[in-house]
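One structure below.
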Amino acid sequence: MLKSHLTLAIRNLLKRKLYSSINIFGLAIGVAVCLVILKYVDFELGYDTYHKNAANIYRTTTRSYQNDELRDSGILSGYAQGPSLLSDIPEIKTYIRTHPMYGGAVFIYDPPSGTALTFHEEDIQWVDSTFLDVFTYKAVHGDINTALDQPNSIVLTQTAALKYFGEAADPLGKIVKVSGGWSDGDYQVTAILEDVPQNSHFNFEFLMPIHNLLKSEQYTGDDGWGWNNFVTYIELYPNTSVSAVEEKLPAFIEKYRGKDLAEANRKLILRLQPILDIHLSPGLSYETSPTISTSTIYFFVLISIFIMAIAWVNYINLSTARAMERAREVGIKKSIGALKSQLISQFIFESVLVNFFGVVLAVLMAVALLPVLGDIVGKDLAFNFADPRLWLIIGGLFIAGSVISGLYPAFVLSSFKITTVLKGSAEQGGRGFSLRKALVVFQFASSLVLIAGTFTVYRQIVFMRNQEKGLTMDQMLIVNGPSVLDRKTVKERLMSLKNQMKEIPGVLKVATSASIPGGGANWGTGMRRDGASVQDSKSGNVVWIDPDFIDTYGITVLSGRNFNPSIKSDMESVLVNEAALKTFGLGDPENALQERMIFGGDTTAILGVLKDYHWNSLKTEHKPWLFKADTVSGRNFSLLLSGSNINEAIKKVEERYREAFPGNPFDYFFLDDFFNSQYKAEQQFAKIFSLFAILAIVIACLGLWGLAAFTTTQKLKEIGIRKVLGASVYSIMSLLSWQFLKLVLFATAIAIPLTWYGINSWLSSFAFRIGLEWDLFVVPAIILLALALGTVSTQILRGASINPARILRSE
């Protein structure tokens, strides 16, 4: 019996090669997409699970209220929070504080023989010595238990160690000189760790003891609660009730912060966030890595289920399209005594064979498709074929596909009446036709949503990239300032370099600053108008700039004037933007010049008011930004270049830079690229949307192709009669095509309101966004109509071109 079923199955597959290929290809797409999405979902859900004690590790988060209004929800805390929690709450086993090295530092390794290696590094973290005790990382070299015990120790990842020491050298005991970043000095390599797993919320290449950071003047003069620049983690003892610990936190806040919070009419709510939830909890400020919402994860899972289900439905459509041919086969077998169970088993066996080939092809497709998705999301994704869960999923999809797709054709075809099918009629094969129409409508409605969504995301990205930002970004070269320098003469040398850069042909203007657009603020703090109560303090951002910054960036001055370095009072004042006027009640631009601002314990005059500019991405509204004056800054050089000989100008800038500050790496980038990197998440979202849209369209077209084949087969007698009566091929094609185009138009009518709602909801998260223009809906609909028409035309043309004598001979 099995041999007979196998022979018949192979014979049927080879007899209709096109049908068989499309069946297998359609199933393969569905299974491949399902495998790829489930692998990606598994990766996202696996963040931080590699830590052995992950279930007991928590990060503190703080919700800040001012006058009962939520002002911020973030992860930063003062350096005293960790030790105080340990001393006050017995359920806490230990604490860990981390602090990034903002702006990075220059690392120098001078080997006994050869040229010194110098690099500007960014992925540097100060951490407590308990960091490697609580978090799980594997040591390639060194003792992980004592690696951070000494103040001059430094820990590197394998990638960083390879960069400085190569593969052959033993890195332990080597000395790395660090310049910049508040911890200048020589550090001894005490351990090399395996690279941080990609599904980690906390990334680094270098670890340095936090002891050195806390010795800096900024923190030695603080009680540990004023500067909120640290991230605090705690480890609880096993079997500890987290809710019991959180019940003690309000009293903890009252003990250490109660007095100053009451004076400012502020309120802080301290919570414990499991590290296993960090990656899946977006919305916290100063997050250390990109996050993803659980709703997005569910969306991906639903997409995989939807595409898999549609692939199975398409298999049914394509199988029943051959109902006439298979009906005669069924009728003959029934007439010679074949049992219904035997017929069902035959069709299920054919389905098993098709699904087997489909799954094999799907695995190959998934292996090729997964790196594409990995490139989109910026991760190295790969299947682990030693993981039994993967084979369980593959086996489950194979079995489910074989049963689901096999049972429907089997029961439909095996239920034909012998007398009916032997006459050449299979009217009963039309059963379920309305369901297939509904599924086609659903497929194309979903495709329209995906196309319109993709179109919208790309349109919004282009809008944000090209929108006028209130400051010059084109042709703006950013050069990182030096870190290896003599601090006694640094100001003079920086000013000398700046003046030399101005003289280079192709360099139009030069300015220095402690931050740049898209690079955040140097200082975020509470501030208020002079005369306002402490309770009226609101958050503002401060950036230090030199007097040439405003002119170099072309920022419009609405009232007052720019900094004048020859006037002492100017250099002690601030420039504010329009958003600050409204936030702090400063009146109009002219009146604001009579006001003063209080922040950081100082009262400062307002020298000028600037037209609002986009310092951050267009996803956020304009916020209060204050510029404070510095004669020259060593953090960033901003060079406005002319449009010609850019490479030659950069070469000359590098020569001047290396002459002025030898031993420093020359690192540069263009501001527009740096600023637009803030839209990386949206770009990834658009690419993923595009990928799913293409796959959904391919599957939808396969389904429509199957429905067209089915309908054309059913209409052959009608087509023959019409042709005998003089109907042209064109008229027959028009008549039959309209049946399918109606489905697409109906799908469009259903999809447009859903698309409008989805697009409007997504765009509402952007402070500056595109409008809901008509082409966002019309263009995707036209694309779908064209694809649908092209899909069904081939089948309808084939049916309409058949000789009517051939069709009617058997009637």
Item checked: Angle between the chain longest axis and helix 340-377 axis [Cα atoms, degrees, rounded to 10] -> 20
Notebook entry, point to check: Shape call for the stretch 456-506 from the C-alpha gyration tensor, a ≥ b ≥ c root eigenvalues: rounded (a/c under 1.5), prolate (a/b greater than b/c) or oblate?
Noted result: prolate
Checklist line | Percent of C-alpha pairs per 5 Å bin, the stretch 627-765, short to long | finding: 2, 6, 8, 11, 9, 8, 7, 6, 6, 6, 6, 5, 5, 4, 4, 3, 2, 1, 0
Check: Separation of the stretch 190-217 and the stretch 81-114 by C-alpha centroid, Å?
Finding: 6
Margin query: Just to be sure I understand the model, the point goes 7 Å from the Cα along the line to the Cβ. What's the resulting Leu508 to Phe666 distance in nm?
Written below: 2.3
Note to self: As a test of the definition: which semi-axes, in Å, follow for the stretch 185-292 when you take the square root of five times each eigenvalue of its alpha carbon gyration tensor? Largest first, please.
What the structure shows: 28, 23, 15
Margin query: Rounded to whole Å, give me the distance from the Cα center of the stretch 717-749 to that of the stretch 228-279.
Written below: 70
Item checked: Cβ-Cβ FRET estimate between Val490 and Ala400, R0 fixed at 56 Å, reported to 0.05 -> 0.25
Checklist line | Where a label projected 7 Å from the Cα of Ser644 along Cα→Cβ would reach, residues of the stretch 470-510 with amide N under 13 Å | finding: 505-507
Check: Which value at 222 nm does the chain reach when only helices count, each DSSP H run of 4 or more adding -39,500 (n - 2.57), with the total divided by all residues and rounded to the nearest 500 deg cm²/dmol?
Finding: -16000 deg cm²/dmol
Next item on the list: Enter the accessible area per residue of the stretch 1-111 (Å², integer; probe 1.4 Å; all protein chains in place).
Entry: 41
Checklist line | C-alpha long axis of helix 729-763 to longest principal axis of the chain, angle in ° | finding: 30
Check: Hey, quick one: spin label on Gln198, modelled 7 Å out along Cα-Cβ, who in the stretch 35-72 has an amide N within reach, i.e. under 19 Å?
Finding: 35-51
Checklist line | Dimensionless Rg over Rh [the stretch 484-552; C-alpha; Kirkwood] | finding: 1.14
Checklist line | Förster radius 45 Å - calculated FRET efficiency between Lys742 and Leu772, Cβ distance, rounded to 0.05 | finding: 0.95
Notebook entry, point to check: What net charge is computed for the residues neighbouring Leu494, neighbours being all others with C-beta under 15 Å from the C-beta of Leu494, Lys and Arg scored +1, Asp and Glu -1?
Noted result: +3
Note to self: Ignoring ligands, DNA and RNA, please state the percent of accessible area on the chain from carbon and sulfur, probe 1.4 Å.
What the structure shows: 57
Next item on the list: Kindly provide the pair-distance distribution of the chain built from C-alpha pairs, with 10 Å bins from 0 and whole-percent values in order of increasing distance.
Entry: 2, 10, 16, 19, 17, 13, 9, 7, 4, 1, 0
Check: In whole Å, what are the Cα extents of the stretch 47-139 along the three principal axes, biggest one first?
Finding: 61, 35, 28
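What percent antiparallel are the DSSP beta bridges of the chain, to the nearest 5?
Restricted to the chain, the bridges split so that about 80 percent are antiparallel.
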Notebook entry, point to check: Roughly how many nanometres apart are two label points built 7 Å out from the Cα toward the Cβ at Leu754 and Asn564?
Noted result: 6.6
Checklist line | Whole-Hz ³J(HN,Hα) from phi, Karplus 6.51 cos²θ - 1.76 cosθ + 1.60, for the stretch 211-219, glycine and proline x | finding: 3, 5, 5, 5, 7, 5, 4, 4, 9
Check: What is the gain in length, in nm to one decimal, between Asn145 and Leu725 on full extension, counting 0.36 nm per residue of separation less the C-alpha to C-alpha distance?
Finding: 199.6 nm
Next item on the list: Using a cut-off of 9 Å between beta-carbons, work out the net charge of the residues near Ile275 (Lys and Arg +1, Asp and Glu -1, Ile275 not included).
Entry: -1
Margin query: Is the C-alpha gyration tensor of the stretch 89-226 telling us rounded, prolate or oblate? Criteria: a/c under 1.5 is rounded; beyond that, a/b larger than b/c is prolate, otherwise oblate.
Written below: oblate
Margin query: For the chain, take the longest principal axis of its alpha carbons; what is the angle in degrees between that and the long axis of helix 17-45, to the nearest 10 within 0 to 90?
Written below: 30
Checklist line | Karplus-derived HN-Hα couplings along the stretch 781-792 (A = 6.51, B = -1.76, C = 1.60, θ = phi - 60°), whole Hz, x at Gly and Pro | finding: 5, 5, 4, 5, 4, 5, 5, 5, 5, x, 5, 7
Notebook entry, point to check: In percent, how large is the relative contact order of the chain, given Cα pairs closer than 8 Å and 6 or more residues apart?
Noted result: 15
Notebook entry, point to check: Summing Lys, Arg as +1 and Asp, Glu as -1, what charge do residues with Cβ under 13 Å from the Cβ of Lys177 carry, Lys177 excluded?
Noted result: -3
Checklist line | Semi-axis lengths (Å, descending) of the ellipsoid that matches the C-alpha gyration tensor of the stretch 556-702 | finding: 39, 29, 13
Next item on the list: For Lys379 and Val301, compute 0.36 nm times the residue count separating them, minus their Cα-Cα distance, and round to one decimal in nm.
Entry: 26.2 nm
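The values are calculated or read from the model by the stated rules, or taken from the named source; none is laboratory data. Note that the structure is a prediction, hence the values are computed from the model and not measured. Note: ideal-geometry Cβ built from the backbone for every residue, glycine included; neighbour counts use all protein chains shown. Please note that ligands, DNA and RNA were not included when accessible areas were found on the heavy atoms of the full protein model with its side chains. Shrake-Rupley method; radii C 1.70, N 1.55, O 1.52, S 1.80 Å.
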